[in-house]
Amino acid sequence: MAEIVFESIYREIFPFWENISDADREYICRNSYGITYPKGKNIHDGSECSGVILVRSGSLRLYIMSEEGKDITLYRLQKGDLCMLSASCVLSAVTFEVFVDAEEDSECCVISGPAFAAVSERNPDVRIFALETAVSRFSDVMWVMQQILFMSMDRRLAIFLSDEAVRTGSDTIILTHGQIARYMGSAREVVSRMLKYFASEGIVKVSRGGVTILDKKRLRKLTL
């Protein structure tokens, strides 16, 4: 991508863009690059400052991982979303490790973390934007923790299937039991058992291609 393209993109998404100097705008653009991450690619492993990532197309998954290797999905980023937690050098207050994977082939713009951090040091508006962007995602994180800690498995699964149907615009969720379990922070056996129960009640149909919602009304009741 040429710098002129970055300029037009950032003018649309950054509310601080007009408040920083021409030199800082040029510096950010010069330290940006476009990249397409293939499906399954680990983009950020929590150990370095990978930069500020803007999703242009595709989908990214942010998650945390236990010492035993079990991961819990915190949230997913879609077209137009910005990942600030991958830029640890910008947000020094964020000390936990976050991992980022490409869920599908994803075209992104990446701003160098050190470059963005340098501009934020000179411009309070940039620093405030970075913090607000990160904080806005913590409501998603708390929602995930609330589900894991306080909700029954049938309700959690019903919420996941309902949300996924809305996100994809389809009643068929094209995910394996293992993938659903990973997104929910559960075990594949538990998910399979609950899907089997949903299927026996006529709420969903389970096939090798995924899960098809048959009775939206009853599924919604389970989310309450």
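The values are calculated or read from the model by the stated rules, or taken from the named source; none is laboratory data. This structure is a prediction, so every number in the text was calculated from the model and none was measured. Quick reminder, even Gly has a Cβ in these numbers, built from the backbone with ideal geometry, and neighbours come from all protein chains shown. For accessibility, only protein heavy atoms count, side chains too; no ligands or nucleic acids. Shrake-Rupley method; radii C 1.70, N 1.55, O 1.52, S 1.80 Å.
Restricting attention to region 90-112, which residues are modelled with pLDDT under 90 and over 17 Å from the mean Cα position of the chain (by Cα)? Hits for region 90-112 are Val90, Leu91, Ser92, Ala93, Thr95.
Filtering region 182-198 to residues that are open to solvent by less than 30 Å² (accessible area, probe 1.4 Å) and in contact (Cβ under 8 Å) with a residue 60 or more places away in the chain leaves Tyr183, Met184, Gly185.
Counting only residues that are among the small types (Gly, Ala, Ser) and surrounded by 15 or more Cβ atoms within 10 Å (Cβ to Cβ), how many does region 12-63 have?
Looking only at that region, the number is 7.
For the structure I just gave you, tell me whether Asp71 is closer than 26 Å to Ala187 by Cβ, in contact with a His (Cβ under 9 Å, 6 or more places away or on another chain) and of a type in the set (Asp, Glu). Against the criterion (closer than 26 Å to Ala187 by Cβ, in contact with a His (Cβ under 9 Å, 6 or more places away or on another chain) and of a type in the set (Asp, Glu)), Asp71 does not qualify. Quick one: in region 22-62, which of the residues that are assigned to a helix (DSSP H, G or I) and of a type in the set (A, V, I, L, M) is nearest to Gly178 (Cα to Cα)? Ranking the qualifying residues of region 22-62, first place goes to Ile28. Scanning region 7-21 for residues that are under 18 Å from Glu121 (Cβ atoms), part of a helix (DSSP H, G or I) and touching a residue at least 40 places away in the same chain (Cβ under 8 Å) yields a count of 1.
Which members of region 145-176 meet the condition of being open to solvent by 80 Å² or more (accessible area, probe 1.4 Å), among the aliphatic types (A, V, I, L, M) and outside any loop (DSSP other than H, G, I, E, B)? Within region 145-176, Leu149, Val166 meet the criteria. Scanning region 127-144 for residues being of a type in the set (A, V, I, L, M) and either at pLDDT 95 or above or loosely packed, with under 14 Cβ neighbours inside 10 Å (or both) gives a total of 3. For region 160-180, a residue qualifies if it is charged (D, E, K, R) and touching a helix residue (DSSP H, G or I) at 6+ places or on another chain (Cβ under 8 Å), and exactly one does: Asp171.
Out of curiosity, is Arg220 in contact (Cβ under 8 Å) with a residue 24 or more places away in the chain, open to solvent by 60 Å² or more (accessible area, probe 1.4 Å), touching a helix residue (DSSP H, G or I) at 6+ places or on another chain (Cβ under 8 Å) and of a type outside the set (A, V, I, L, M)?
yes
Can you confirm whether region 63-74 contains a residue that is closer than 21 Å to Arg182 by Cβ, out of contact with any helix residue (DSSP H, G or I) (no Cβ under 6 Å at 6 or more places or on another chain), part of a strand (DSSP E or B) and small (Gly, Ala, Ser)? No.
Selection over region 141-181 of residues that are among the acidic types (Asp, Glu) and free of Cβ contacts under 8 Å to residues at least 24 places away in the same chain gives a count of 2.
Working carefully through the options Ala187, Ala115, Ala134, find the one that is hydrophobic (A, V, I, L, M, F, W, C) and over 22 Å from Arg61 (Cβ atoms).
Ala115
Within region 110-119, is there a residue that is part of a strand (DSSP E or B) and open to solvent by 10 Å² or more (accessible area, probe 1.4 Å)? Taking every residue of region 110-119 in turn, none turns out to be part of a strand (DSSP E or B) and open to solvent by 10 Å² or more (accessible area, probe 1.4 Å).
Among the residues of region 104-127, what is the count of those that are in contact (Cβ under 8 Å) with a residue 24 or more places away in the chain and either under 16 Å from Thr73 (Cα atoms) or out of contact with any helix residue (DSSP H, G or I) (no Cβ under 8 Å at 6 or more places or on another chain) (or both)?
So the count comes out to 10.
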